[in-house]
Each structure stands twice: as C-alpha cells, then as structure tokens.
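What follows is a short report on a single structure.
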Amino acid sequence: MAMRLRFAPSPTGALHIGGARTALYNWLLARGPEAGQLVLRIEDTDRERSTAENIEQILEALRWLELDWDEGPIFQSQQAPRHHEALLELLQSGRAYRSSATADDVREWKARHGAERGFRGRAEAHGAVRLRVPDEGVTSFEDVIRGPVSFRNWHLDDPVIARADGSVLYNFAVAIDDLDAAITHVVRGEDHLSNTPKQLLVFEALGAQAPIYAHLPLLHGPDGRKLSKRHGAASVQELRDQGYLAEAVRNYIALLGWGHGDETILSTDELRRLFRLEAVSRSPAVFDERKLRWMNGRYLRALAASELAQRLEAFTGRQGLAAGAAIAHDKIQTLADFWPLAGFLYDGPADDPAARERVLGAEGAGPLLAEVRDALATAEPFDAAHLEPALRAIVERHGVKPKEVFQPLRVAIAGTTVSPGIFESVEVLGRDRTLERVEAALAR
RNA sequence: GCCGCUAUCGUCUAGGGGACUAGGACGCCGCCCUCUCACGGCGGAAACCGGGGUUCGAAUCCCCGUAGCGGUACCA
C-alpha cells in the first residue's frame, strides 16, 4: 500500500522554517523510494486568521521551495458538511454529548477531583459538543520517531470537538479530514503530540483505523526559544529575499533533525533516496543561519557560470550580469552578496569616503596611480592576462608591496576596498570607464 | 499546577553495551595561499546534564533528580 501523506498548514502568516521542514519531510517521503501521494490541506477553520493573502503566501513558499503535491489544496473550511455529518454520528451513538460546561466549570472540577483528573461532563440538551473519554485504559500509539507514547484516559479531559453553534474544532476536523483523505502517515511537529490522543479517540469513536504518526522535534532560535520573527530570517520568503538558493535551503533544513552519517552536502535527489523517518532525531534543533550561508556558498560555487548569471539577473532584476558573475563567483555566499561586491561594474563606484581617504589620501598614492593610469592606457589587448604583468611591473620598479599599487586602483574604480580580483575587474569595466575613474581619483 | 516529550562540542549531528583516545560539518583560533575580500589547503581548541543502579564492561539499558520544550481554549 502506497504511503499517503499530507502537509496541513494553518494560514496564520508566512510559512516559517519549521513548517517548511515539515513540508519537505513529507515531500521527501512521497517522492522517495517507496513513493506515495502528498495531499496539501489548508487548515482554515479559524476564518479570521485565514486570509487569502496568508494562503497565497504559503503556496508561494511551497512553489519557491519546489515542493509539489498530488492532491489539493483542500480547504478544511469547505469540509464543514462532512464534519457535521460525523459529529451527528458521534452524538447519536453516544460517543459525544452536548455540554454547557465552561472553562470555569472545568477548573472547579479539577479543584474538586485533582488537577490530574480529566474533566467529565454531563449530557445536556444544548451546549458545545464534547467527546466522551473512557475512564479506564490508555490511549497510546507507536510514534515512528519517538517510539511508544501513551496517555492514561483518566487524565484526559472530555475534549470539546464542536462549538455550541455546531462548527467543529481543530482536533475533530483534523481526524475527519485525515480519515477522509485516507492518510496513512501523519508527519507533523511535536507541538501536536499532545493532540494526538484526542484525534485517536475520534478515530476510535468512529470505529476507524488511525494513521501512523511521526512527530518531528521543534525548531528553536539561537536563544533556545521557539523560532519566531525575532530570530532573523524565519520565513521562507525572507530566506529567498536574502539570496539563498532553494536547493541549499532544502539541504540545510533537511539536516535540522536528521542526518546521514558524515554527509553534509546532500542534493535533493540524494535526500529523496536517503531520508528515513526512523532516523529523525527526537530533540529540538536550533536554526543556525551561518551554516546555511556556508552551505549556500557551496551550492553557488557548484553552479555553472551561465546558471549563476541567470539567477543573479532574476534576483537583482538587472540584465547582462554574466561577466561580473564570472569574476565574483568564488566570493559570494548568497545572491544578495553580489551587488555590494560587484555592482560598481554596472553602476558607478560605491560611496565609501573612509576608504578613499585611507587609500587615496595616502602619500605616494598619486604618483603610483599616475603610472597605473599610463599602463592602463597603453595595455594591449585590454584583458586580465596582459594587464597583470603591466601592473606588476610598476610594483617591481618601485620595490613596493603589491597592495600599494593595487589598492588605490581598486578604490578608484570600485569606490571601496573590496572587489573581485583587480585585473579581472579592470577588464570587465573596460578601458574607458577604468581610465575615467582613475583620472577622477587623481584629480581629487 | 497537571499531562507529555526531550537531554553528546557554542550550533547541526554520528553513535543503538566492548570498534570511543567519542567521529563529521558550521562557527572559532593558528598557519599556508594571496592585490582586497573571499575561495581553497593544513593544523588546533571544543561535548556524553547530575546521581544511583544493571553489567566483567555504559555516551549507549533502567530509576530518580534537574533543566528545556510542548500541550493544557467553545485557537489552529
């Protein structure tokens, strides 16, 4: 029997890294050696938070990550008739009952029977619908990642599964939707571990077979707290906007809670082949953007020059970046690093007064730079291979350190002290623009 | 409070009773390369939460403690 998986985000905002990892793991399983289907379900029963923009954000994030699905998106809100039908079934069979008990009533019950004793209500003519939990026995399951997990029924409250107006609540809707979609494996975050017994009880009350569960460890920020906006690039869109490559992001987040021996760089195809739910760790992981940066650099450098140029053009919205891309290739870690490093090749020099003062204001920079200008004016052909010996000859002639010749030239053309290789940069800039900028530097 | 989950370098992890002098990766430090910044190469520092058991032997199994996290809504 093929695996049927689902990814079921609630559209309360952008897709965060934790959600992206959950989506990735489900996708990896559905596209792995065993193959299966992936159902996308939008849990939008909370109509106020589930806006069209939020839903679009999630779809956009999944598309950018290149994670596709086979069925859906199914909107939980549109399953209301079916939810209602199941609710009626439980009400009629006596597995659920109406109760007007409030939170205060529950508190009072706990005060009387002990905090560890689950709340039990009394059937009434109206009110919210609660699922009847037996007093005896345990509700347990074999979590693929955590092993046996069990809850004593005695401790469990009779959970509210529908409001007084008949609209169903999350834990009930999830169970019905998973059942209807014939989901075989529920792979989701650990924050749902405590919800599982409630959902299991719904399956049981309906006489249906529950899926297999796997609860992923949560992701934390560097401060050990649950990951949120305050931890920098926490959403998929932010990662994209900061110049990370989708394939690098997939590789990195796959490694948050899972590993394969000593391997660190794993292509998406390798991930699909090697990923195993049983090997997912049980403890929470901390998202470390520095490692993502390093990994992104690895992926960037592995790109063909033409491919890198295309990605940079898409990212910056500028055209004709091939030459700059070629000489900046080994020096950038994200697509966003390109423009600060090589933008001077396309726009004017950067504005870095401190660099100009320090490098061009120094004694002796003038005469050397004048010689550089003369060498540049006569170099033929005007390419890196011929520029290098011509400029190094000046270094030789004066017995100075190479940087004393190259840094003033760099600041003159780039406006700052950091750039791709100086000979390559000059070649790409071209003779006219280079001489123009060197003259401007000499004239100041 | 109650219910539940978790615990190896700063971080991600390998490890599943003897192969552990605890391995790899990021980061950090040093050296090399070098026109800047990177890239790359070489080397280094850096961890089994604590206490009891079980066992000839425990990072690995059990118990207790501690800490962190999650849940505890007529939210999802």
From largest to smallest, what semi-axes in whole angstrom does segment A:229-374 give when each is the square root of 5 times an eigenvalue of its alpha carbon gyration tensor? 39, 17, 14
For A:His185, enumerate residues with amide H under 5 Å from its amide H, sequence gap 5+ or separate chain, H modeled in the peptide plane. A:Arg4, A:Ile212
What percent do you get for the relative contact order of segment A:304-444 when only Cα pairs under 8 Å and 6+ apart count? 28
Chain lengthening between A:Gln319 and A:Glu436 when straightened (0.36 nm per residue, less Cα-Cα): 39.8 nm
Put +1 on the Cβ of each Lys and Arg and -1 on the Cβ of each Asp and Glu in chain A; which of A:Val106, A:Tyr170, A:Ala205 then has its Cα farthest toward the positive end of the dipole? A:Val106
Students often check this: by mean Cβ neighbours within 10 Å, which of A:307-316, A:148-157 ranks highest, and how do the rest follow? A:307-316, A:148-157
Cβ-based charge dipole, chain A, positive-most Cα from A:Ala8, A:Leu67, A:Gly317: A:Ala8
Over chain A, what relative contact order in percent results from Cα pairs under 8 Å that are six or more residues apart? 12
Can you list residues from other chains, or at least 5 along the same chain, whose modelled amide H is less than 5 Å from the amide H of A:Thr416? A:Ala350
Relative contact order of segment A:1-119 (C-alpha contacts under 8 Å, at least 6 apart) in percent is 25
For A:Met1, A:Met295, ascending order of other Cβ atoms within 10 Å (fewest first) is A:Met1, A:Met295
For chain A, the longest principal axis of the Cα atoms and the Cα long axis of helix A:17-30 enclose an angle in degrees, to the nearest 10, of 80
Between A:Glu108 and A:Ala208, how high is the FRET efficiency from 1/(1 + (r/R0)^6) when r is the Cβ-Cβ distance and R₀ = 41 Å? Nearest 0.05. 0.75
Extension length gain for A:Thr417 and A:Glu60 (0.36 nm per residue less Cα distance), in nm, is 124.7 nm
Taking Cα atoms, how many degrees apart are the long axis of helix A:52-65 and the longest axis of chain A, rounded to 10 and kept between 0 and 90? 60
Taking Cα centroids, how far is segment A:402-419 from segment A:175-219 in Å? 62
Less than 14 Å Cβ to Cβ from A:Ile183, Lys/Arg counted +1 and Asp/Glu -1: what total charge do the surrounding residues give? -2
Extension length gain for A:Arg49 and A:Ser194 (0.36 nm per residue less Cα distance), in nm, is 49.9 nm
Less than 10 Å Cβ to Cβ from A:Phe119, Lys/Arg counted +1 and Asp/Glu -1: what total charge do the surrounding residues give? +1
Distance between Cα centroids, segment A:260-320 to segment A:77-131: provide it in whole Å. 47
Restricting things to Cα coordinates, could you compute the convex hull volume per residue of chain A in Å³? 186
Along Cα→Cβ, 7 Å out, is where each label goes; now give me the distance between the ones at A:Ala123 and A:Arg444 in nm to one decimal. 8.7
With angles folded into 0 to 90 degrees, how steeply does helix A:365-378 sit against the dominant principal axis of chain A? Use alpha carbons for both and round to 10. 90
Positive minus negative residues near A:Asp158 (Lys, Arg vs Asp, Glu; Cβ under 11 Å): +4
Karplus-derived 3J(HN,Hα), 6.51/-1.76/1.60, for each residue of segment A:284-296, Hz, glycine and proline x: x, 10, 9, 6, 10, 5, 5, 6, 5, 4, 4, 5, 4
Which FRET efficiency value, to the nearest 0.05, is calculated for A:Glu263 and A:Arg301 with the Förster distance at 30 angstrom and r the Cβ-Cβ distance? 0.95
How large is the Kirkwood hydrodynamic radius of segment A:313-444, in angstrom, based on all distinct alpha carbon pairs? 15.0
Can you list residues from other chains, or at least 5 along the same chain, whose modelled amide H is less than 5 Å from the amide H of A:Ile74? A:Leu40, A:Arg41, A:Ile42
Which ³J(HN,Hα) values in Hz, rounded to whole numbers, follow from the phi angles of segment A:183-197 under the Karplus curve 6.51 cos²θ - 1.76 cosθ + 1.60, where θ = phi - 60° and Gly and Pro get x? 5, 9, 9, 9, 10, 8, x, 5, 5, 9, 4, 6, 7, 4, x
What number, rounded to the nearest 500 deg cm²/dmol, is the helix-based mean residue ellipticity at 222 nm of chain A, given -39500 (n - 2.57) per DSSP H run of at least four residues and division by all its residues? -13500 deg cm²/dmol
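Coordinate-derived values only; no laboratory data. Computed from a prediction, not measured in an experiment: that's the story for all the values here. Positions of Cβ are generated from backbone atoms using ideal geometry, with glycine treated the same way; all protein chains shown enter the neighbour counts.
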